[in-house]
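Participant: Below is the structure I would like to discuss, written out as structure tokens.
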Amino acid sequence: MQKRFPLIIPLFLFAFVFGALLGRRWKGDLADGVLTAVALATIILIIISYGERLRPWRGQVSWYHARGFAFAIAGLLLGYVLQQQLVLGGNQDRTAVVAAWVMAFGLYALGVAPPRRPTRPDWRAWWQVHGRTTLVLAAITVIALVLRVAQLGEIPFTLDGDEANFALESLGVLRGQMRDPFAVALHSQPTMSLFYSSWGISLLGPTLAAIRLPWAILGTLTIPVAFWLAARIKGPIVGLITAVLLATYHFHIQFSRHNLNNIGDPLWAGLALLFFYRALARHSRLDWAFFGAVNAWALYGYTGARLIPVLSLIALGYYALSDYTRFWQQHRLGLLIALGAFIVVAAPILEYGLRFPNDFNDRVRITDIFESGWLLRVAAVRGTSALDVLLDRFRLGLLVFNLYPEGGGFYGLPQPLLDPFAGALFLVGLGFATVRTLILRKDPQLFPMVAWWWSGIITGAVFSGAEIQSQRLITLALPVCFFIALALWQILQLARRAVAGLPQRELLTAGVILLSVSSLYIYFVDYTPRHLGGGIAAETMTTLAPILKGRTPPYHVYFFGAPRFTWNFPTMQFLLPNAQATDIVQPLTAPPTDLLPPGQGAFFIFIPGRVDELRLVRRAFPGGEVQEVFNSARQEELAVIYTVPPR
Amino acid sequence: MKIRNWFALDLLAIVLGGLAIGGWLIWSAIGESSLPGEAFMLLGLAVLALLIDARNEERAQAPSESVDALEQGKGEAPTCSPSAFDRPADSTRTGP
């Protein structure tokens, strides 16, 4: 029988009181005193957690008792975080709060899954089994990284308005103007995304490549997660095919190269399901804790990632309903652990959501076709029922990967999101998995992927926004690739049964390479040179910025863009923050002779629609130089610059 | 190469034909107002063929097919109930 722990209580109490006094004296604030006390007590706890191995304490402590303290400290830390969030202003330092939050989860995880004596793995045996798969996966991940970071500042060409806004907000983080990572900012996007995004700028400076780099890394990390998830569901070969297809999928590459938090969606959803499968299979408390934590972490990402906890509940419900008694007996502790982890990680943002529900749900309110009133308005205009409108949207959403181009500006691909071969395979894989799981009640391990795709398409396409937009569907890139891999795998199995001596590996490799090359061709050869995404305003600004850079001041910019767009468009605010510019909002009716002070040069920039006014400007300031700015791939005029040197 | 199972070959032809023609019909219909019903019918047939094959394989398969064989890609992953997830913590099925 284990001995009680005579040392731990006085030691812990001493640490706590000492820490409180020290902290209060140091910072003069009771809350900081409590935090310091907790920090010190945590250190003591970590030390005593290894007490069993230390000679003088051997047998004195046990994790059974120590974990109670771990939970207590985690609770105290969480209380501190929530209390500080109530009293601190948006631009006050949160270092201690974030540290307390991270420590709370660390202690919670330590409490639910105490460290065990490490076993020495037989690496040689492991390598013999998994070596080749590991090497192939590493190669795929490196290729994915190259596809996502090569020429990151140039591809995609356009810095669109939202990307630029995100970059400007990230600059605000670095300048200390925004210090709360547990809030929401522009378009009700969680500020945690901006904190993450800011490391690119702090590393490389305020360039296009720098603002996109953090998301390219996140996109790349999705590839091994996709492998692990698909391999757990259907074996390592399907895992590798899924990873290759996702690594080379143009849709995923595009959003990996975007300074937007949308690309986190497939990663967080994939991780959540991966931990779900692992937790079910291994009965591992740590997996359950991470399952809950990732679900909570999704709340700090793009609004669409709020689907992830819903998806997890659907998956849990499916397994629970299939064998309720057994599921509850085996996993009730795991479910409680996941719930606890969810609360610890999500608490700060949920507190924010409760305090400021309008800010927190603003994006949902704007895009939700029910809440925004869009559905009823359209039904009234069309003279049909709301159900008809919904069914129409369902048809569009269902076939956005196969038949209908998306209508958003972030990608702007003028064709469906899959080529014909991949699209047909995807429909077959999706149909196969859906019928197997939902109608035939077979292959339950496929269900979470089926639920992921259907719930994603219903919430992201059918219920969201006037148009079906790709940024809300990026979460589906992973399940789409999985269903293509599944279809390929099932066909190969069928072919193997039909024909003896079939070169299976060669056929599969050729098929996957064909699909990958086709996807890369669409993105890098066909789509990229045309500068299709981002919208005309952002494209014009991105094209103008390098022309003007370094020449202002003494040049002043007079911008003839209104009413279509003005100089303070976010793209220009990020690319040329110091330019002196004036918007000429009202069309000129006479030569503007009073515009230019002596000694100053000027760029008069006209967008199509206001080029006629160039005639009046030339009359006022003759002898300038005219430069037409074109999109050469589309043969489309973007702007005309009339340069007047200083005089 | 030689034919191992004529019925499976028929199913394979249906799947490949459905994919090729169905995919092409869908692609041809991009930009048109009406849905290519024939394409979805052909793809549905392809799904049906795969479902029949999966059912046949389940019936033919011995219930105790080892997980190790699946590791090597020698067979299909098992049709499993939720309890089939209950592998031990040191399971090596999923790679690194």
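Participant: Go over the candidates A:Ala379, A:Ala341, A:Ala320, A:Ala346 one by one and state the one that is more than 14 Å from chain B (Cβ to nearest Cβ), more than 22 Å from the chain's Cα centre (by Cα) and assigned to a helix (DSSP H, G or I).
Facilitator: Criteria check complete, one pass: A:Ala379.
Participant: May I pose another question? Across the stretch A:58-103, which residue is modelled with the highest pLDDT among those that are outside any helix (DSSP H, G or I) and of a type in the set (Gly, Ala, Ser)?
Facilitator: A:Gly89
Participant: Would you mind stating whether A:Ala538 is touching an Asp or Glu at 6+ places or on another chain (Cβ under 7 Å) and away from every other protein chain (no Cβ under 14 Å)?
Facilitator: yes
Participant: In the list A:Leu502, A:Leu446, which residue meets the criterion of being assigned to a helix (DSSP H, G or I), more than 30 Å from A:Pro414 (Cβ to Cβ), touching a Lys or Arg at 6+ places or on another chain (Cβ under 9 Å) and aliphatic (A, V, I, L, M)?
Facilitator: A:Leu446
Participant: All but one of (1) buried (at least 16 other Cβ atoms within 10 Å of the Cβ); (2) at pLDDT below 90 hold for A:Tyr352; state the number of the condition that does not hold.
Facilitator: (2)
Participant: Sticking with this structure for a sec: Report the residue count in the stretch A:209-247 for those that are over 30 Å from A:Pro448 (Cα atoms) and either among the acidic types (Asp, Glu) or buried (at least 22 other Cβ atoms within 10 Å of the Cβ) (or both).
Facilitator: Going through the stretch A:209-247 one residue at a time, the tally reaches 4.
Participant: Within the stretch A:593-647, how many residues are under 19 Å from A:Ala538 (Cα atoms), in contact with a strand residue (DSSP E or B) (Cβ under 9 Å, 6 or more places away or on another chain) and of a type in the set (A, V, I, L, M, F, W, C)?
Facilitator: So the count comes out to 12.
Participant: What are the residues in the stretch A:256-283 that are more than 16 Å from A:Gly161 (Cβ to Cβ) and either assigned to a loop (DSSP other than H, G, I, E, B) or of a type in the set (Phe, Trp, Tyr) (or both), if any?
Facilitator: Within the stretch A:256-283, A:Arg257, A:Trp268, A:Phe275, A:Phe276, A:Tyr277, A:His283 qualify.
Participant: Among the listed residues A:Phe410, A:Phe447, A:Phe401, A:Phe421, identify the single one that is within 18 Å of A:Ile522 (Cβ to Cβ) and either at pLDDT 95 or above or surrounded by fewer than 23 Cβ atoms within 10 Å (Cβ to Cβ) (or both).
Facilitator: Going through A:Phe410, A:Phe447, A:Phe401, A:Phe421 in turn, the sole match is A:Phe421.
Participant: What tally of residues in the stretch A:201-230 results from selecting those that are within 14 Å of chain B (Cβ to nearest Cβ) and more than 14 Å from A:Leu271 (Cβ to Cβ)?
Facilitator: Of the residues in the stretch A:201-230, 0 are within 14 Å of chain B (Cβ to nearest Cβ) and more than 14 Å from A:Leu271 (Cβ to Cβ).
Participant: Within the stretch A:349-361, can one find any residue that is more than 10 Å from every other protein chain (Cβ to nearest Cβ), assigned to a helix (DSSP H, G or I), charged (D, E, K, R) and under 22 Å from A:Ile308 (Cα atoms)?
Facilitator: Looking for residues that are more than 10 Å from every other protein chain (Cβ to nearest Cβ), assigned to a helix (DSSP H, G or I), charged (D, E, K, R) and under 22 Å from A:Ile308 (Cα atoms), one finds at least one in the stretch A:349-361, hence yes.
Participant: Return the only residue of A:Gly501, A:Gly423, A:Gly429 being within 11 Å of another protein chain (Cβ to nearest Cβ) and at positive phi.
Facilitator: A:Gly501
Participant: Based on this model, can you work out whether A:Gly334 counts as crowded, with 17+ Cβ neighbours inside 10 Å and within 14 Å of chain B (Cβ to nearest Cβ)?
Facilitator: yes
Participant: Here's another thing I want to ask about it. Is it the case that A:Phe432 is surrounded by fewer than 20 Cβ atoms within 10 Å (Cβ to Cβ), more than 26 Å from A:Ile536 (Cα to Cα) and of a type in the set (Phe, Trp, Tyr)?
Facilitator: no
Participant: Now for a separate question. Select from the stretch A:595-647 the residues that are closer than 30 Å to A:Gly533 by Cα and in a helix (DSSP H, G or I) and list them in ascending order.
Facilitator: If the condition is that a residue be closer than 30 Å to A:Gly533 by Cα and in a helix (DSSP H, G or I), then A:Val611, A:Asp612, A:Glu613, A:Leu614 are the ones that fit.
Participant: What residue, among those in the stretch A:541-599 that are of a type in the set (Ser, Thr, Tyr) and within 35 Å of the chain's Cα centre (by Cα), is surrounded by the most Cβ atoms within 10 Å (Cβ to Cβ)?
Facilitator: Per the criteria, the residue is A:Thr571.
Participant: Every residue in the stretch B:23-43 that is in contact (Cβ under 8 Å) with a residue 24 or more places away in the chain and either more than 7 Å from chain A (Cβ to nearest Cβ) or in contact with an Asp or Glu (Cβ under 8 Å, 6 or more places away or on another chain) (or both), please.
Facilitator: Hit for the stretch B:23-43 is B:Leu42, nothing else.
The values are calculated or read from the model by the stated rules, or taken from the named source; none is laboratory data. Only a predicted model underlies this, so the values are computations on that prediction, with no experimental measurement involved. Glycine also receives a Cβ, built like all others from the backbone with ideal geometry; neighbour counts cover every protein chain displayed.
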